[in-house]
Amino acid sequence: MNHNDNEDFIARDYRTLAVWKRSMTLCENIYSLTKQFPKHELYALGSQGQRSSSSVPLNIAEGNSFQLYPRKQMAFYSNALGSLQETRCFLELSLRLGYIEQGVFDKLDAEAQELVRMLVGMIKRVKSKIA
């Protein structure tokens, strides 16, 4: 690695990534949402939604640290994508069980869909480094 490569690596902090910032906001929204769930769901469905949504920015941050190892980076971004889809399923189930309103679901699911698009783009870019 030459000096310029090292500077590029250091400059790409995960906190600068738009997908990380937006996934943090989605996670915060899920945590706020689950505070309103019935008591019997706090450690069941609510906890699951919190875990899946928090896994998204956590995996993006960890994957970003493997910029010099594209296969590892892609694995973490793929895990983030899986957790994001799990979060979308959590939202759908929460809607069907009557824990959230349709408008709340629509807003959060639209944001999750945009994050899916962004993550897929990141995965494709990393994958192109491998091929």
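Neighbour counting of Cβ atoms within 10 Å sorts the residues ARG22, ARG117, fewest neighbours leading, into ARG117, ARG22.
How large is the direction-averaged shadow of the alpha-carbon convex hull of the chain, in nm²?
8.1
Karplus-based coupling profile of segment 80-92, in residue order and whole Hz: 4, 5, x, 5, 5, 5, 4, 5, 4, 5, 4, 4, 4, with θ = phi - 60° in 6.51 cos²θ - 1.76 cosθ + 1.60 and x standing for Gly or Pro. In degrees from 0 to 90, rounded to the nearest 10, what is the angle of the helix 102-130 Cα long axis to the longest principal axis of the chain? Approximately 20 degrees, to the nearest ten. Taking LYS127 as the anchor, which lysines have their alpha carbon closer than 25 Å to its alpha carbon, excluding any fewer than eight residues away along the same chain? Cα-Cα hits under 25 Å: LYS21, LYS72. Helical runs assigned H by DSSP (4 residues or longer) give the chain a calculated mean residue ellipticity at 222 nm of -27000 deg cm²/dmol, each run adding -39500 (n - 2.57) before division by the residue total. Highest average first, the peptides 84-96, 33-45, 54-66 ordered by how many other beta carbon atoms sit within 10 Å of their residues are 54-66, 84-96, 33-45.
Throughout, read-outs are computed from the coordinates displayed, never taken from laboratory work. For clarity, every value in this text was computed on a predicted model and none was experimentally measured. Please note: Cβ atoms are built from the backbone with ideal geometry, for glycine as well, and neighbour counts cover all protein chains shown.
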